[in-house]
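Visitor: Encoded as structure tokens, here's the structure I'll be asking about.
The values are calculated or read from the model by the stated rules, or taken from the named source; none is laboratory data. Worth saying up front: this structure is predicted, and the values here are computed from it rather than measured. Cβ sites come from the backbone with ideal geometry, for glycine too, and all protein chains shown count toward neighbours. Side chains included, ligands, DNA and RNA excluded: accessible areas come from the protein's heavy atoms. Shrake-Rupley method; radii C 1.70, N 1.55, O 1.52, S 1.80 Å.
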Amino acid sequence: GDRVTFATLYHKGTTAAEFNRFSEFTKFTTTLFGGWDGTNIFDKNSVNFSDKATSAESRGTVIGNANTSFISPGFNSSQDGSGVFNNAVNAFRVATDVITNPIASNINLLAVPGQKDPFVTDYVGDKTRDFGIAMYLQDVPSYNGLNERIFDGEAGVFVDFEYVMDALESRAIDNEYIASYAPGIVINDSYNQRKVTVPGSIAALAAIAYNDKVAYPWFAPAGFNRAALSFVDRTQARVKQNQRERAVTLNLNPIVKFPNEGHVIFSQKTMKQDQSALQSINVQRMVMDVKRQVIEIGNKILWDNIDTTIYENLNKNVSNALSVVQTKKGIEKFQVICNNTNNTAADRDANKINMRIRFVPTRSIEFVTL
């Protein structure tokens, strides 16, 4: 017979009295345990939201879950969706929307370790640029000697650094809010007493954290003073000198090994393509730090009356903040303009104030010629 539901009772024109006879069945108690996150439990990549779970690339029979040819283990078709409709890709995109929401978040660094597919990384880079006060530490895809994609977690595979650079160059990323790192590194996991392969962004996070501990955001997180990686056992690819030089021209920050010196991040480039001071991570981070301070100063004067006093106070407070950055070697000189020259009657009628800030950043030494 028919499956009886409250909808079928209503649809059959049941009287109120008869319908209410079943009202007790609308009340129930159940115990939930474990839950479900929407992933396929037969596929460890889907469960772990791994590099392969979000990738549209393939290598022979090894196919990324976001590829249209992927078939979910235990099924005869894909349960994950392809491209931007892949559930793991969409999960990372939604998470990015949350963490780059200026109303809810105040981060200054963003990393998504191990996520390398452009479906994720391009989106994170764009949202970070829109956010305006954080930098994205990007991992790039790995390839073997046959220019085939290598996914994170695959053991015993050789990474060809030339193909890694070729792939990054072909993407032509132009974004000063992105800093890219490669290759992956092998570190000592002292807690579990084993060696673990992790993405290059982990080394970048460690170097920048140490840099900010001993210096300031406008110092370069590169070289042996602030980016020596004592915890690194080896890298997934040995970067040669000519490869290191090419990586720098591509704005890729290589993790390299020097004889008797250990491992080190030997560049500090953003993915800005045009010749600009913003190609340097320390300059870009200084700009973001100044933005934060100016935003904080500006928030405190909202709803105050617009008059000459407000201009003077803004000039004074912002100049004081920039003077501190200048004293700590972040900028060489600066100028703050907030007066009647850049604030018209029309601006006042629109209830807004304009400020122009000019500064010359302190650059870092990146080349020494002997």
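Visitor: For a quick check of your reading of the model, give me the residue pairs whose first member lies in the stretch 244-263 and is within 12 Å of ALA228 (Cβ to Cβ), whose second is assigned to a helix (DSSP H, G or I) and open to solvent by less than 60 Å² (accessible area, probe 1.4 Å), with beta-carbon atoms closer than 7 Å and at least 6 apart or on different chains.
Guide: Within 7 Å, the pairs are ILE255/GLY200; ILE255/ALA203; VAL256/ARG244.
Visitor: Quickly run through the stretch 298-313 and pick out the residues that are touching a helix residue (DSSP H, G or I) at 6+ places or on another chain (Cβ under 9 Å) and open to solvent by 30 Å² or more (accessible area, probe 1.4 Å). Step through it out loud before you land on a result.
Guide: Going residue by residue through the stretch 298-313, those that are touching a helix residue (DSSP H, G or I) at 6+ places or on another chain (Cβ under 9 Å) are 298, 300-301, 304, 306, 310, 313.
Across the stretch 298-313, the qualifying residues are LYS300, ILE301, ASP304, ILE306, ASN313.
Visitor: Would you point out the residue of the stretch 335-354, among those that are open to solvent by 60 Å² or more (accessible area, probe 1.4 Å) and within 35 Å of the chain's Cα centre (by Cα), that is farthest from SER276 (Cα to Cα)?
Guide: Here the answer is LYS352.
Visitor: Spot the failing condition for GLY156; the list is (1) open to solvent by 50 Å² or more (accessible area, probe 1.4 Å); (2) free of Cβ contacts under 8 Å to residues at least 24 places away in the same chain; (3) closer than 17 Å to LYS269 by Cα, and only one is missed.
Guide: If we test GLY156 against (1) open to solvent by 50 Å² or more (accessible area, probe 1.4 Å); (2) free of Cβ contacts under 8 Å to residues at least 24 places away in the same chain; (3) closer than 17 Å to LYS269 by Cα, just (3) comes out false.
Visitor: Every residue in the stretch 341-370 that is free of Cβ contacts under 8 Å to residues at least 12 places away in the same chain and assigned to a loop (DSSP other than H, G, I, E, B), please.
Guide: THR341, THR344, ALA350, LYS352, ILE365, PHE367, VAL368, THR369, LEU370
Visitor: Which count do you get for residues in the stretch 254-272 that are closer than 15 Å to GLU366 by Cβ and in contact with a Pro (Cβ under 9 Å, 6 or more places away or on another chain)?
Guide: So the count comes out to 5.
Visitor: So MET271 fits all but one of (1) modelled with pLDDT under 95; (2) farther than 21 Å from ALA228 by Cα; what number is the exception?
Guide: (1)
Visitor: Considering only the stretch 49-84, state which residues are open to solvent by 20 Å² or more (accessible area, probe 1.4 Å), out of contact with any Gly (no Cβ under 6 Å at 6 or more places or on another chain) and of a type in the set (A, V, I, L, M).
Guide: Passing the criteria: VAL62, ILE63, ILE71, VAL84.
Visitor: Working carefully through the options PHE266, PHE224, find the one that is aromatic (Phe, Trp, Tyr) and either surrounded by 15 or more Cβ atoms within 10 Å (Cβ to Cβ) or without any contact (Cβ under 8 Å) to a residue 24 or more places away in the chain (or both). Walk me through how you get there before you give the answer.
Guide: Numbers: PHE224 fails: either surrounded by 15 or more Cβ atoms within 10 Å (Cβ to Cβ) or without any contact (Cβ under 8 Å) to a residue 24 or more places away in the chain (or both).
After applying the criteria, what remains is PHE266.
Visitor: Look at the stretch 120-147 and say how many of its residues are in a loop (DSSP other than H, G, I, E, B) and surrounded by 15 or more Cβ atoms within 10 Å (Cβ to Cβ). Walk me through it before giving the result.
Guide: Pass one, the stretch 120-147, residues in a loop (DSSP other than H, G, I, E, B): 132-134, 140-141, 144-147.
Cutting the leftovers down to surrounded by 15 or more Cβ atoms within 10 Å (Cβ to Cβ) gives us 133-134, 140-141, 144.
Selection size over the stretch 120-147: 5.
Visitor: Scan the stretch 114-128 for residues that are of a type outside the set (Asp, Glu) and over 10 Å from the mean Cα position of the chain (by Cα) and jot them down. I'd like the intermediate steps shown before the answer.
Guide: Filtering the stretch 114-128 down to residues of a type outside the set (Asp, Glu) leaves 114-116, 118-121, 123-125, 127-128.
Matches in the stretch 114-128: GLY114, LYS116, PRO118, PHE119.
Visitor: For the stretch 22-46, name all the residues that are at pLDDT 80 or above and surrounded by fewer than 14 Cβ atoms within 10 Å (Cβ to Cβ).
Guide: ILE41, PHE42
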